[in-house]
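Participant: A single structure is presented below for examination.
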Amino acid sequence: MDNQDIITFPQFARKIPMLISGVPGLVKGLKVGDTTDKTRVVGLGMCIETLAAESGQTEAIVDGDRSMTYAEFNAWANRVGNYLTSTGIVKGDAVVIMIENRLELMVAITACAKIGAVSALVNTSQRGRVLTHSINLVAPRATIVGAELADAYEEVKAELIVPEHRQFLVADETQATPSRVADYWVDLMHASKVASGENPRQSREIYPDDPCFYIYTSGTTGLPKAVVFNHGRFMKAYGSFGFAAVKLESSDRMYVCLPFYHATALAVCWGSVLAGGATLVMARRFSASRFWEDIRQHKVTAFGYVGELCRYLIERPVSPDDHRNQVRVIVGNGLRPSIWKQFKERFGVPRVMEFYASSEGNIGFSNVLNFDNTVGLCPFRYSIVAYDNEHERPVRNSKGRMIPVKKGETGLLIGEISEKTPFHGYTDAEKTEKCIFHDVFKKGDRWFNSGDLMRNMGFRHAQFVDRLGDTFRWKGENVSTTEVELIIDAHPSVVESIVYGVEIPGTNGRAGMAWLKTTGHPGQFDFEGFLKMLRSSLPVCAVPIFLRLGEAAETTGTFKHKKAPLKEAGYDINSTDDPIYAWLPGTTTYTRITPAILEGLNQGAYRL
């Protein structure tokens with residue numbers, strides 16, 4: 001990290017007026033998100049109903065050429081919710097929802113929230129065994145499937161445990177309903193037209209601890225886990241982001257092209273829209289070529305992002321229209337320091353509301369003071385503690401207590417589990433317990449293990465460094481993949497990089513390897529100059545031993561790189577058509593791996 005990212009007192013002092021002006025919003029946000037009163041009526045449905053009553057004629061959602069006011073949206077969700085109740089769905093039942101970004105998705109989610117059903121928001125790109133696992137994991141009482149995903153559902157239907165008469169189809173205007181399933185599916189939107197449009201009575205019987213969604217976390221290995229996201233937690237996002245951080249107004253329009261099965265779109269972005277009584281502008285999916293055209297067409301003033309989305313946009317050719325937009329704030333996470341300031345300047349974005357949160361975590365950070373290269377600050381009790389990478393555990397002192405790091409140092413982020421910051425965990429109790437630390441600073445206390453390394457920037461601000469699973473140990477030293485990527489990304493011929501550790505037979509730890517997308521043909525890349533730059537910028541243990549040059553890396557639905565396939569392939573030239581290169585001992589450049597070199601690496605012929 002550049003020393004300029006450490007926050008100094010003069011820098012903080014200049015933000016004090018902003019901090020003071022933001023106090024009313026912060027207080028309101030904390031009050032709205034306070035879930036200590038377990039008898040208080042809360043929830044997504046209540047938020048929608050309040051807006052329908054107070055701002056009914058305001059545009060709620062824009063979906064392409066379609067739009068609905070809050071009053072219209074609320075009535076539609078009521079009809080669907082009341083119909084689902086008539087089929088036997090009751091509070092606490094899990095309802096799997098598989099619909100791409102469109103109005104009907106938001107209606108289905110809201111309808112379930114109003115009657116106390118739990119929306120299990122399945123990743124719409126899942127297929128086969130993974131899809132079967134995700135659906136059966138929550139023992140659903142019903143499924144609501146978009147016609148665009150009916151084929152994927154049909155492929156696994158025989159393996160599912162969903163009641164036959166509760167499999168609902170939702171038409172898609174852009175794609176005809178598959179004829180081979182039309183006979184047994186119930187057309188949900190058609191069937192619910194005759195149901196009551198009045199608010200269901202159940203919507204006033206929703207309390208903080210009642211589950212609202214299941215959000216699936218996949219990580220890089222294993223099958224997805226379903227995280228319980230209750231109504232109280234939605235209220236925290238609604239309050240902390242909506243009132244304290246993003247601060248939209250009714251005239252604002254937020255563009256969201258992120259998938260709504262992810263908490264960034266669903267809780268952070270939509271929660272911010274609802275708090276401001278603003279308008280949500282949806283896109284079916286992200287398109288770098290269409291992004292700014294949509295922003296201008298819909299007069300958007302805010303948008304949600306993830307870091308990779310911003311990188312795709314910065315890679316587009318510079319246009320004189322780049323500044324021609326009304327965007328005043330963006331909210332999301334993962335914006336890399338290497339492009340942070342460039343992105344703001346090129347597109348004229350004055351405020352970056354970077355945040356840190358996880359679907360399962362109990363605390364969050366937001367950049368309310370608009371510093372660069374930080375996830376901001378957290379209003380709840382947390383600590384960044386010293387971590388022993390070699391033994392993969394926090395450091396404890398002679399009394400068995402953990403040790404907070406100093407300003408500028410990196411450690412493991414943990415959040416206190418308390419009445420105000422509960423940890424609801426997973427559907428799997430054993431996995432939940434593995435995420436809890438006991439007796440951290442005093443006997444009997446409990447803290448959530450975030451699994452993330454953070455840097456203490458001072459003044460209660462933090463900077464995300466890496467996932468613990470994304471660090472590796474080589475030559476007895478710990479290497480942060482994110483920090484190596486930052487160095488590599490600064491090279492003028494590198495468009496994109498992914499760094500990971502790979503095993504070499506006969507060596508300890510994992511050697512660094514980088515997947516690169518370059519500006520030209522691999523044969524034109526200056527490997528010698530690149531290696532010289534790396535050696536001058538990184539300790540020798542962090543310089544990648546291997547390079548793999550490719551055109552496109554596999555990503556998740558939220559544009560995160562899938563490192564597991566890259567790690568599995570390693571430097572084996574037989575596993576990919578991409579050219580792979582190695583920094584061999586005694587050389588000053590990278591050499592393309594041949595079958596003979598590969599055999600030598602695997603037989604220990606090179607002292608790496």
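Just so you know, all these numbers are worked out from the coordinates, no wet-lab data involved. Please read these numbers as outputs of a predicted model, since none were measured by experiment. Note: ideal-geometry Cβ built from the backbone for every residue, glycine included; neighbour counts use all protein chains shown.
Participant: Using 10 Å bins from zero, what percent of all Cα-Cα pairs in segment 349-445 falls into each bin?
Facilitator: 14, 39, 35, 11, 1
Participant: Follow-up. Report the relative contact order of segment 546-608, percent, no decimals, based on alpha-carbon pairs under 8 angstrom and at least 6 residues apart.
Facilitator: About 30 percent, as a whole number.
Participant: Follow-up. Over the chain, what is the mean sequence separation of C-alpha contacts under 8 Å (at least six apart), divided by residue count, expressed as relative contact order in percent?
Facilitator: Normalised by residue count, the contact order of the chain is 10 percent.
Participant: Could you list the trypsin sites (Lys or Arg not before Pro) in segment 505-546 that lie in coil according to DSSP, counting only those with at most 10 other Cβ atoms within 10 Å of their Cβ?
Facilitator: Nothing satisfies the criteria.
Participant: Moving on. Which residues in segment 438-469 place their backbone N less than 15 Å from a point set 7 Å from the Cα of Asn397 along the Cα-to-Cβ direction?
Facilitator: Under 15 Å, as judged by backbone N against the label point of Asn397, lie 440-443 of segment 438-469.
Participant: Report for the chain the percent antiparallel among DSSP-assigned beta bridges with both residues inside it, nearest 5.
Facilitator: 60
Participant: Which entry is the computed Rg/Rh (Cα atoms, Kirkwood Rh) for this structure: [x] 0.97; [y] 1.07; [z] 1.10?
Facilitator: Calculated Rg/Rh (Cα atoms, Kirkwood Rh): the matching label is [x].
Participant: Same structure again: If you filter segment 428-488 for trypsin sites (Lys or Arg not before Pro), then keep DSSP loop positions with at most 10 other Cβ within 10 Å, what is left?
Facilitator: Lys442, Lys443
Participant: Shifting gears a bit: Along the charge dipole of the chain, which of Ser537, Ala263, Thr69 sits closest to the positive end, that is, farthest toward it, with unit charges on the beta carbon of Lys, Arg, Asp and Glu (+1, +1, -1, -1)?
Facilitator: The residue sitting most towards the positive pole is Ser537.
Participant: Still on this model: What per residue convex hull volume, in Å³, do the alpha-carbon atoms of segment 355-408 yield?
Facilitator: 132
Participant: Here's another thing I want to ask about it. Given an 8 Å cut-off on Cα distances and at least 6 residues of separation, report the relative contact order of segment 334-422 as a percent.
Facilitator: That works out to 22 percent.
Participant: Still on this structure, I have one more. Where does segment 264-304 land on Rg/Rh, using Cα atoms and the Kirkwood Rh?
Facilitator: 0.97
Participant: Restricting to DSSP loop positions (anything but H, G, I, E, B) with no more than 16 other Cβ atoms inside 10 Å of their own Cβ, which trypsin sites (Lys or Arg not before Pro) remain in segment 228-312?
Facilitator: Here the trypsin sites (Lys or Arg not before Pro) that fit, given the DSSP loop and packing criteria, are Arg284, Arg285, Arg290, Lys299.
Participant: What's the percent breakdown of Cα-Cα distances in segment 504-549 across 10 Å bins, shortest bin first?
Facilitator: Values per bin, smallest distances first: 23, 50, 24, 3.
Participant: Hey, rough spin-label estimate for Glu419 and Arg201, points 7 angstrom out along Cα→Cβ, what's it come to in nanometres?
Facilitator: 3.2
Participant: Pulled fully out, how much extra length does the chain show between Thr588 and Lys193, if you take 0.36 nm times their separation in residues and subtract their Cα-Cα distance?
Facilitator: 135.1 nm
Participant: In debye, nearest 20: dipole of the chain around its Cα centre with unit charges on the Cβ of K, R (+) and D, E (-)?
Facilitator: Charge dipole, the chain, about its Cα centre: 1740 debye, nearest 20.
Participant: Calculate for the chain the 222 nm mean residue ellipticity that helices alone would give, adding -39,500 (n - 2.57) per DSSP H run of length 4 or more and normalising by residue count, nearest 500 deg cm²/dmol.
Facilitator: -7500 deg cm²/dmol
Participant: For segment 1-131, which semi-axes, largest first and in whole Å, follow from the square roots of 5 times the eigenvalues of its Cα gyration tensor?
Facilitator: Over the Cα atoms of segment 1-131, the semi-axes work out to 36, 22, 18 Å.
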